[in-house]
1. Can you give the angle from 0 to 90° between the axis of helix 113-129 and the longest principal axis of the chain, with both taken from C-alpha atoms, to the nearest 10?
2. Give me the one-decimal nm value for the distance between modelled label points at THR168 and THR25, 7 Å along each residue's Cα-to-Cβ direction.
3. By how many degrees, 0 to 90 and rounded to 10, does the Cα axis of helix 44-62 deviate from the longest principal axis of the chain?
4. Can you give the longest stretch of the chain with no exposed loop site, where a site means chymotrypsin sites (Phe, Trp or Tyr not before Pro) in a DSSP loop (not H, G, I, E or B) with at most 14 other C-beta atoms within 10 Å?
5. Which value, in debye to the nearest 20, gives the size of the charge dipole of the range 65-160 about its Cα centre, when Lys and Arg are +1 and Asp and Glu are -1 at the Cβ?
6. Send over the semi-axes of the range 69-131's equivalent ellipsoid, whole angstrom and largest first, taken as the square roots of 5 times the C-alpha gyration tensor eigenvalues.
7. Rounded, prolate or oblate: pick one for the range 71-189, where a ≥ b ≥ c are the square roots of the eigenvalues of its C-alpha gyration tensor, a/c under 1.5 means rounded, and failing that, prolate if a/b is larger than b/c, else oblate.
8. What FRET efficiency would be calculated for the residue pair ARG94, VAL11, taking the C-beta separation as r and a Förster radius of 35 Å, to the nearest 0.05?
Amino acid sequence: RNYDGRDPNLVDIPSCCVCYVKPGTLMCSRCNFMPYFSHKKDCKKLEKFVGVMEREAEHLKACQFGFGLGPPGIAFEVHVGVYWGFIETREYMRARLAVVNHLEQMNWELESKRGWEMVAADMQDMLRLSASDNIGMRYRFPFVLINLNRDDDAYCFLRYWMEDWDSTYEEKEKKHTRSTVGDWLYPKEVGARFGDILEQRPDEKYHHKYTELSLLVASAVLKMRVVAALEAKNLREDADYDPDEHKNQKKMLMRLLDLIDTNNKSMLPALINPKPLRDAGDPDYYSPGKPSEARMVLDSACRPWARIPGAEELLFARFGSRLPTYNTSVSL
């Protein structure tokens, strides 16, 4: 009844990383990430990753960047947007990815607003440096925005990546080149989450064949939040409750779920019965439509989906009252 479309578990002051009970009012001086109140948690692994990233950054600044296309010291001023296009930049991007991966893993434990903002800032800058996103940040970034309750931003980001890139890539690359650290390079629209994201590419064959599963699942999480918030308004008998809008939003949600199920038969069952797929292990690669693809999405999507009132019940209604069984073979 009180749900407003936001995750109430997001906290400004997270619990101590040691006892998980008292507020973490101090910050680990080693990693500047983990909060505590009387004891520090060992953050040597993150410190190691950050050290490698910083060394790679210094190496970039010292070398003639881009096959001699410019003097030393301009690595982070020129060729922004095409970072994966140069051999010199790839080790830095890989090192930064290791930092992002570890920060994200740590914050699944903390669930602090500050932590997710740090993860989001790093992911956003990696996307800025590589407009084509060869490293795959776009598949996880929407869920980080969702964890921050930035649903309109997440929707706009998803819509941006579901557009026809063939005709707009050159323009987008130029926008990245002109950008600076912290710039939001995607559309901004208040209330965007109420839109029908599949209308961006009404050709359903396009979505069936080319839209990444993670983008569709993130879109479904956003739409499920909208539907659940409208249902709460209905239960509260709010004066501004609109039954026609509720019906329309649920129709959009069901279309997304149908499309996800068409593209990957393991994804929706895994959202309500994740253990079998998690126990199958982490694949190094994935194939579209296979359980390996669903496994790559599951860790980002499972918790946000489960925290929406009515989300699990909706899938149980689809698959029956028992936990669904499904293909979990992650081998290619």
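1. Tilt relative to the chain: about 60 degrees.
2. Distance between the two pseudo-spin positions: 4.9 nm.
3. 50
4. Details: sites that count: TYR20, PHE67, TRP165, TRP184, TYR285.
The segment 185-284 is the longest one with no such site.
5. Working: 10 positive and 13 negative charges, 31 e Å.
Approximately 140 debye in magnitude.
6. Semi-axes (√(5λ), whole Å): 27, 11, 9.
7. Cα axes put the range 71-189 in the oblate bin.
8. On the way: r = 32 Å, r/R0 = 0.91.
In this case the efficiency is close to 0.65.
None of the figures in this text is laboratory data; all of them are computed from the coordinates on show. Keep in mind that what you see is a predicted model, and the values were worked out from it rather than measured. Because the Cβ atoms are built from the backbone with ideal geometry, glycine has one as well, and the counts that use them run over all protein chains shown.
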